[in-house]
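Since the structure comes first, as structure tokens, the remarks are kept for the end.
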Protein chains: 2
Amino acid sequence: MASLTPRIEQVIHALQCLPGVGRKTATRMTLFLLQGHRDDAAHIATSIEEALATVTSCAKCHNLSDAKVCDICSNPKRANGQLCVVETAADLVAIEETVTYQGRYFVLHGLLSPIDGIGPDELNLGTFLPCVRDSGIREVIVALNATVEGDATTHFISELLEGSDVALTQLAHGIPVGGELGYVNSRTIAQAFQRRVKLDA
Amino acid sequence: MASLTPRIEQVIHALQCLPGVGRKTATRMTLFLLQGHRDDAAHIATSIEEALATVTSCAKCHNLSDAKVCDICSNPKRANGQLCVVETAADLVAIEETVTYQGRYFVLHGLLSPIDGIGPDELNLGTFLPCVRDSGIREVIVALNATVEGDATTHFISELLEGSDVALTQLAHGIPVGGELGYVNSRTIAQAFQRRVKLDA
């Protein structure tokens, strides 16, 4: 298109890699930045570059970290024997925001998916058992999505832990708090029925 | 939050300047980039920096341009005596995508809004009349949003052109093509009634 120069097209194309951003949104963002928000644009570029230069993966839990070992792994208060297995750093952030969990994490950066060629070696599962052993873990809490890949990964972890005295638990399935029954899928409702909780009379 | 380092927070904060991006979306984008899409992240940073270094405002129409004068203004085929006034470069792109308009543009980069302290001097209106005169414009087509600010700006432009023999037109209001009546506001429906078009029997 004559109205978009190659340099502008390049920014649009780069922004389209972001989750949930298609061509239309990327174009809107790019024109917004280049028109009247050039300081913001420069800030985005430099902050990304600084983060790429400093943020790495924690050697213990594979969470994103500025240091070799992340704040959670280096915090002695969080060595309570619990280890929560999550798929992504975003899941970790979501759990941290609840301020209910006080243990440590293990970030897989993916789920087992043989059909996509993702086996145990593609995830961080090689360092999982050493991590469990060295950190004196007594309970592994699996907090993975309830998908085929999530279930396969949970099954793999349960096999890894077989024979050890480490307890293996999984987050409860059920109706989301504040959610409406009509919008919840039938598998979830079925699970919620099966695991219904007795109320005090 | 312990789980987000200062460098990560900085990227999240920078991305929040983008239109339609709140804290939650910015966090999701940032973790996506820093986790498994570092090449994409670097591409975003460098493409923004390159665009900032090269993309400027066209000296004639104020559209975004790599050169002093943009491709549309330097294209002799588009010197057909028509000048379309738009608010933003994004509006220009939207019109170009229709491939119906063959004339030139004038990008205001805003609308008159005395309440926000935006007068004619804050927009590009100072160069508007010289542009109309020097380019042999015979028709000015106003393509501004149908808001209070858009109407005020249209009125200001009509006053600027008073006494000249330049025709002033405005894009037609009406029901969007493919739109449902139930979702269109009553002002639009009223306009569509007023300007109804006779059909061949």
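The values are calculated or read from the model by the stated rules, or taken from the named source; none is laboratory data. The shown structure was predicted, so the numbers you read here are calculated from the model rather than taken from an experiment. Note that each Cβ is placed from the backbone with ideal geometry, even for glycine, and that neighbours are counted across all protein chains shown. We work out accessible area using only protein heavy atoms, side chains counted, and drop any ligands, DNA or RNA first. Shrake-Rupley method; radii C 1.70, N 1.55, O 1.52, S 1.80 Å.
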task: With everything on Cα atoms, drop me the angle between helix A:89-98 and the longest principal axis of chain A, reported from 0 to 90° to the nearest 10.
output: 70 degrees
statement: Excluding ligands, DNA and RNA, the carbon-plus-sulfur percentage of the accessible area of chain B with a 1.4 Å probe reads 55 percent
- request: Between copies, how far apart are the A:VAL197 label points? List them in nm, one decimal, shortest first, with each point 7 Å from Cα toward Cβ, please?
  value: 6.1
query: In chain A, which residue puts its Cβ closest to the axis that turns chain A onto chain B, and how many whole Å away is it?
result: A:ALA45, 2
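Give me a single rounded figure for A:71-83: the average over its residues of other chain Cβ atoms within 10 Å of their Cβ.
1
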message: Suppose a student asked you for the relative contact order of chain A, using Cα pairs under 8 Å spaced at least 6 residues apart; what percent would you report?
response: 13 percent
- line: Taking the range B:31-116, the equivalent ellipsoid from its C-alpha gyration tensor has semi-axes in Å, biggest first, of 31, 17, 13
message: Ignoring everything except DSSP H segments at least 4 long, calculate the 222 nm mean residue ellipticity for chain B; use -39,500 (n - 2.57) per segment, divide by total residues, nearest 500.
response: -12000 deg cm²/dmol
Computed over the range B:37-190, Kirkwood Rh from alpha-carbon pairs, angstrom: 17.4 Å
- request: Could you run the Karplus curve 6.51 cos²θ - 1.76 cosθ + 1.60 with θ = phi - 60° over the range B:107-120 and give me ³J(HN,Hα) per residue in whole Hz, x for Gly and Pro?
  value: 9, 7, 6, x, 10, 4, 7, x, 4, 9, x, 9, x, x
query: Averaged over peptide A:20-28, how many Cβ atoms belonging to another chain are found within 10 Å of each residue's Cβ?
result: 3
- prompt: Ignoring ligands, DNA and RNA, how much accessible area is buried between chains B and A, both sides summed, with a 1.4 Å probe, to the nearest 100 Å²?
  reply: 5100 Å²
field: Magnitude of the charge dipole, chain B, Cβ model with Lys/Arg +1 and Asp/Glu -1, debye to 20
entry: 380 debye
- line: With the 1.4 Å probe rolled over protein heavy atoms, the protein assembly as shown has an accessible area per residue in Å² of 55 Å²
field: Angstrom value of the Kirkwood radius, inverse mean 1/r, which spans all Cα pairs in the protein assembly as shown
entry: 25.7 Å
message: To the nearest 20 Debye, how big is the dipole of the protein assembly as shown about its Cα centre, given +1 on the beta carbon of each Lys and Arg and -1 on that of each Asp and Glu?
response: 500 debye
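How much net charge surrounds A:ALA51 when only the other residues with a Cβ under 10 Å from the Cβ of A:ALA51 are counted, with Lys and Arg +1 and Asp and Glu -1?
Summing Lys/Arg as +1 and Asp/Glu as -1 gives -2.
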- request: Could you list the residues of the range A:75-118 with an amide nitrogen less than 13 Å from a label point located 7 Å from the Cα of A:LEU168 in the Cα-to-C-beta direction?
  value: A:85
- request: Rounded to the nearest 10 degrees, what's the angle between the helix A:38-54 long axis and the longest principal axis of chain A, both from Cα atoms, 0 to 90?
  value: 40 degrees
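For the peptides B:166-175, B:140-149, what is the packing order when you average, over each peptide's residues, the other Cβ atoms within 10 Å and list the highest mean first?
Ranking the peptides B:166-175, B:140-149 by packing returns B:140-149, B:166-175.
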- request: Give me the distance between the Cα centres of the range A:149-201 and the range B:56-133, rounded to whole Å.
  value: 58 Å
query: When Lys and Arg each count +1 and Asp and Glu each count -1, what net charge do the other residues less than 12 Å away from B:GLN10, Cβ to Cβ, add up to?
result: -3
task: Would you be so kind as to identify which of B:ILE137, B:VAL55, B:PHE156 lies farthest towards the positive end of the dipole of the protein assembly as shown, taking Lys and Arg as +1 and Asp and Glu as -1 on Cβ and the Cα centre as origin?
output: B:PHE156
field: Between 0 and 90°, nearest 10: helix B:23-36 axis offset from chain B longest Cα axis
entry: 60 degrees
